Amino acid sequence: MIDTHAHLTMNQFKKDLDAVIDRARKENVSRIITVGTDPDDCDRAVELANRHKDIHAVVGIHPHDSDGVTDEALAKIEAHAQNPKVVAIGEIGLDFYRDYAARDAQRRAFREQIRLARRVKLPVVIHSRDTSLEVLQILEKESADEVGGVLHCMPADPDLARRAEEMGFYLSIAGVVTYDKGARDGIIRSASPDRLLLETDCPYLTPVPLRGKRNEPAYVRYTLQRLAEILTMFPKEVDELTTRNAVRAFGLDRT
Ligand code: NI
């Protein structure tokens, strides 16, 4: 399995990160993609990826931190993008549910970082909450299909999923599917199987039966099991399928 979206550099892992990585390896998580959310966090994510063969980094400024998208911050992200262990720009997008940053700042940060991704020719990892339509409009206007990428923690919005897929994006399935009462089942079944990915978004979104605890990459197996149920496939088949997809989505065979 590949955990395509983790936040290993967050404080929640400060005390026992090595044990967390060991447990993931023991549970057959062959690679972890860790996502930096602000410039300093991106430094830590890249450093961690440099230290471990099976960890890769995604760099960018999270919609919540959009106010911090200065020229200097963008230059830092662009410099990190030259590192071969950096496999995408993200997570970027819009979050009109939490609204931690002003909406105009979010829009600008999103557009600037799609342009950056096109300059460095890396895919983008998209965060979309309560704002599918506008996310799609910006992706289209900024020609994000030129680099493609991943719709992270796929929202339960069939139109967004379909349009994202048409633009060459992958749909990443998080632990939410273990407790969303089937809200995403139909979208997943009608998606093209070679577009599906697995992720934890740890330390958040812990899957059932561990909901309430801190999430970690080893727990991606619960999401795999649930995805296998939805697709009526064997977990082993879904493991092979999503692993192949993740390697293709992030060009992992190159690093
Ligand atoms: Ni995330």
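Quick check on Glu166: is it under 21 Å from Asp253 (Cα atoms) and at pLDDT 95 or above?
Details: under 21 Å from Asp253 (Cα atoms): no; at pLDDT 95 or above: yes.
When the stated conditions are applied, Glu166 does not pass them.
List, please: which pairs have Cβ atoms under 7 Å, are six or more places apart or on different chains, and start with a residue in region 1-25 that is modelled with pLDDT of 95 or more and more than 14 Å from the ligand (Cβ to nearest atom) and end with one that is small (Gly, Ala, Ser) and open to solvent by less than 10 Å² (accessible area, probe 1.4 Å)?
The qualifying pairs are Ile2/Ala246; Arg23/Ala218; Ala24/Ala218.
Asp99 - would you say it is at pLDDT below 95 and not aromatic (Phe, Trp, Tyr)?
Values: at pLDDT below 95: yes; not aromatic (Phe, Trp, Tyr): yes.
Yes.
Filter region 69-97 down to residues that are over 14 Å from Ala45 (Cα atoms) and in contact with a strand residue (DSSP E or B) (Cβ under 7 Å, 6 or more places away or on another chain), then give me how many there are.
Count: 6.
Among the residues of region 207-230, what is the count of those that are open to solvent by 30 Å² or more (accessible area, probe 1.4 Å) and out of contact with any Phe, Trp or Tyr (no Cβ under 9 Å at 6 or more places or on another chain)? Walk me through how you get there before you give the answer.
From region 207-230, those open to solvent by 30 Å² or more (accessible area, probe 1.4 Å) are 208-214, 219, 221-222, 225-226, 229; that's our starting set.
Still in the running and out of contact with any Phe, Trp or Tyr (no Cβ under 9 Å at 6 or more places or on another chain): 212, 219, 221-222, 225-226, 229.
Number of matching residues: 7.
Can you find, within region 195-206, the residue that is farthest from the ligand (Cβ to nearest atom) among those that are under 18 Å from Asn245 (Cα atoms) and open to solvent by less than 10 Å² (accessible area, probe 1.4 Å)?
So, considering only residues that are under 18 Å from Asn245 (Cα atoms) and open to solvent by less than 10 Å² (accessible area, probe 1.4 Å), the one farthest from the ligand (Cβ to nearest atom) is Leu196.
Filter region 131-160 down to the residues that are over 16 Å from the mean Cα position of the chain (by Cα) and either among the polar types (S, T, N, Q) or within 16 Å of the ligand (Cβ to nearest atom) (or both) and list them by number.
Thr131, Ser132, Gln137, Ser143
Please indicate, with yes or no, whether at least one residue in region 41-48 is under 22 Å from Ala144 (Cα atoms), among the aliphatic types (A, V, I, L, M) and at pLDDT 95 or above.
Looking through region 41-48, none of the residues is under 22 Å from Ala144 (Cα atoms), among the aliphatic types (A, V, I, L, M) and at pLDDT 95 or above.
Being part of a helix (DSSP H, G or I) and basic (Lys, Arg) is the filter; apply it to region 35-53 and report the residue that is farthest from the ligand (Cβ to nearest atom).
From region 35-53, those part of a helix (DSSP H, G or I) are 39-51; that's our starting set.
Remaining after also requiring basic (Lys, Arg): 44, 51.
On the way: Arg44: 15, Arg51: 21 Å.
In this case the residue turns out to be Arg51.
For Arg98, all conditions in the list (1) within 18 Å of Phe250 (Cβ to Cβ); (2) out of contact with any Ser or Thr (no Cβ under 9 Å at 6 or more places or on another chain); (3) surrounded by fewer than 21 Cβ atoms within 10 Å (Cβ to Cβ) hold save one; what is the number of the exception?
Among (1) within 18 Å of Phe250 (Cβ to Cβ); (2) out of contact with any Ser or Thr (no Cβ under 9 Å at 6 or more places or on another chain); (3) surrounded by fewer than 21 Cβ atoms within 10 Å (Cβ to Cβ), the lone unmet condition for Arg98 is (1).
Of all residues in region 54-95, how many are open to solvent by less than 50 Å² (accessible area, probe 1.4 Å), assigned to a loop (DSSP other than H, G, I, E, B) and of a type outside the set (Asp, Glu)?
7
Which of (1) among the basic types (Lys, Arg); (2) in a loop (DSSP other than H, G, I, E, B); (3) more than 16 Å from the ligand (Cβ to nearest atom) is the odd one out, the single condition Arg98 does not satisfy?
So Arg98 meets the others, but not (3).
Could you check Leu205 against (1) among the aliphatic types (A, V, I, L, M); (2) within 24 Å of Lys14 (Cα to Cα); (3) touching a Ser or Thr at 6+ places or on another chain (Cβ under 6 Å) and say which number it fails?
Unmet condition: (3).
The values are calculated or read from the model by the stated rules, or taken from the named source; none is laboratory data. No experiment lies behind these values; they were computed from the predicted model shown. All Cβ positions, even for glycine, are placed from backbone atoms using ideal geometry, and neighbour counts span all protein chains on display. For the accessible areas, the whole protein counts, side chains as well, though only heavy atoms, and no ligand, DNA or RNA atoms are used. Shrake-Rupley method; radii C 1.70, N 1.55, O 1.52, S 1.80 Å.
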